[in-house]
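To keep things clear, I will list the structure first and then write my remarks on it.
The values are calculated or read from the model by the stated rules, or taken from the named source; none is laboratory data. Everything numeric in this text was worked out from a predicted model, so none of it was measured. Here the Cβ is made from the backbone with ideal geometry for all residues, glycine too, and neighbour counts use every protein chain on show.
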Amino acid sequence: MEISQASEEDRRGIYRLYEQFNQDREESGAGRLGFKYLDGDSPWAEELTDDECVTLVAREKNIVLGFITIRIPRFNPFRKIKKLGEVDLIVVERKLRRRSIGTNLFKKAVKLLKGKHVSHVLLNVKVGNKAAHSFWKKMKFKPMTESIYERKDGVEEGLIYMIKKI
């Protein structure tokens, strides 16, 4: 398995996994997220080239097995943290989960963030997403705070924010 920065050739594989992610969200009662187009005008195209955002892919024989999108936000709400990184999304092919693909993607992302002098990584997990909570606890993230927001469809949803020093 190889892990490297995503390229245009990875777009269809990333999109396929993103659709799986959205199916999982819908089955759990959460709404769909983000882009739904493959053309160059989609928000995804911007993320693949944005200096502040990087997508890494795990692939084998040119097949995308998983991806992680990380960023270094311009706004950092924490005074004691000089430089903050964020995990926007990590997705691994359903049938390949629990095979260290997510762990390896995250480790590669941490190396990249450390190279940019990031000291802490922040992420959020939907309340009730036990698999994600378990994964991030295994990665040594600690819960920080919880928030509740109202989606566009009027449904309230909760998020747990987690942080880790790297």
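Tabulated data for the structure shown
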read-out	value
Some residue of region 130-146 being farther than 16 Å from I70 by Cβ, assigned to a loop (DSSP other than H, G, I, E, B) and of a type in the set (D, E)	no
Residue among N124, N129 that is under 13 Å from the mean Cα position of the chain (by Cα) and either touching a residue at least 24 places away in the same chain (Cβ under 8 Å) or within 30 Å of R12 (Cβ to Cβ) (or both)	N124
Positions within region 49-104 being closer than 23 Å to H133 by Cβ, surrounded by fewer than 18 Cβ atoms within 10 Å (Cβ to Cβ), free of Cβ contacts under 8 Å to residues at least 40 places away in the same chain and among the hydrophobic types (A, V, I, L, M, F, W, C), in sequence order	I81, L96
Matching residues in region 118-129 - criterion: being modelled with pLDDT under 95, part of a strand (DSSP E or B) and β-branched (V, I, T)	V125
Hits in region 71-107 - residues which are farther than 15 Å from K165 by Cα and in a strand (DSSP E or B)	R71, D88, L89, I90, V91, V92
